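> Structure below; questions to follow.
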């Protein structure tokens, strides 16, 4: 008994597989194009707000330090160390008067802002200059809360060079006049996984802003940093 053929002469099963393969290929191409386009968009939108010359960096009242884990497994996290070094340098040079430490503390025994505060005090920054934002679960949350909760309209953002574009892009979205100053770069060999993950994070940021309308997990009452009293 012969195998039935479709109109174009191919067996029905093979024809269906061909159609499915073309659809999958089309989806892959579309997703790849979306990934590239979103990354380019975020980079272009944030590039002009990144300052590379420390001497040309403007003075702002507040520096927003974006959180990360102080350790990776049993090893010191060089991203964390670089951000803390840069934040302390900005404060000691008079480039900022306060440092807003925004990070994740949603899990027991994991508190990024507390770790940042301890690290900065160890670097000679007084506790009264440090303000905690314990609800900075994502970069979007940190930026949105800087504007809505802490009332900031101008900030200096401290984070890694490849992370700056997304942070500055989100600052523009939320109406903040931000300048970014990157921490000391970590080599590609030691940061490739984090850098590749950032490509997806930029795509997610665009989806959050333009399609999903994602909001921070928490807002809470307003906190004016000039009135914030932190222990020494």
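The values are calculated or read from the model by the stated rules, or taken from the named source; none is laboratory data. From a predicted model like this one, the values you see are computed outputs, not experimental measurements. Methodologically, a virtual Cβ is constructed for each residue, glycine included, from the backbone with ideal geometry; neighbour enumeration extends over all protein chains shown.
> Kindly indicate whether residue 183 is under 19 Å from residue 37 (Cα atoms) and either modelled with pLDDT of 95 or more or exposed (fewer than 13 other Cβ atoms within 10 Å of the Cβ) (or both). So that I can check it myself, show each step before the final result.
Working: under 19 Å from residue 37 (Cα atoms): no; either modelled with pLDDT of 95 or more or exposed (fewer than 13 other Cβ atoms within 10 Å of the Cβ) (or both): yes.
Judged against the criteria, residue 183 is not a match.
> For region 81-112, which positions are within 20 Å of residue 180 (Cα to Cα) and exposed (fewer than 14 other Cβ atoms within 10 Å of the Cβ)?
Step one: filter region 81-112 for residues within 20 Å of residue 180 (Cα to Cα), giving 81-103.
If the condition is that a residue be within 20 Å of residue 180 (Cα to Cα) and exposed (fewer than 14 other Cβ atoms within 10 Å of the Cβ), then 92, 93, 94 are the ones that fit.
The rows are residues; the columns are (1) at pLDDT below 90; (2) within 25 Å of residue 171 (Cα to Cα); (3) more than 36 Å from the chain's Cα centre (by Cα).
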position	(1), (2), (3)
4	yes, no, yes
10	yes, no, yes
17	yes, no, yes
21	yes, no, no
25	yes, no, no
30	yes, no, no
36	no, yes, no
40	no, yes, no
44	no, yes, no
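> List the strands (runs of 3 or more DSSP E) inside region 88-205, counting only whole elements, that have at least 1 residues being in contact with a helix residue (DSSP H, G or I) (Cβ under 8 Å, 6 or more places away or on another chain) and farther than 30 Å from residue 40 by Cβ. Write out each step before concluding.
Working: elements: 96-102, 130-133, 154-159, 177-182.
Here the list reads 96-102, 130-133.
> Assuming residue 189 fulfils every condition listed in (1) without any contact (Cβ under 8 Å) to a residue 40 or more places away in the chain; (2) within 14 Å of the chain's Cα centre (by Cα) apart from one, which condition is it?
Looking at each condition in turn, residue 189 falls short on (2).
> To continue, here is another question. Going through region 105-119 one residue at a time, which ones are at negative phi and free of Cβ contacts under 8 Å to residues at least 40 places away in the same chain? It would help to see each step written out before you state the result.
Of all residues in region 105-119, those at negative phi come to 105-108, 110-119.
105, 106, 107, 108, 111, 114, 117, 118, listed by residue number.
> So, in region 50-80, exactly how many residues are surrounded by 14 or more Cβ atoms within 10 Å (Cβ to Cβ) and either free of Cβ contacts under 8 Å to residues at least 12 places away in the same chain or not in a helix (DSSP H, G or I) (or both)?
Of region 50-80, the ones surrounded by 14 or more Cβ atoms within 10 Å (Cβ to Cβ) are 50-51, 57, 60-70, 77-80.
Next cut, either free of Cβ contacts under 8 Å to residues at least 12 places away in the same chain or not in a helix (DSSP H, G or I) (or both) only: 50-51, 57, 60-70, 77.
Of the residues in that region, 15 qualify.
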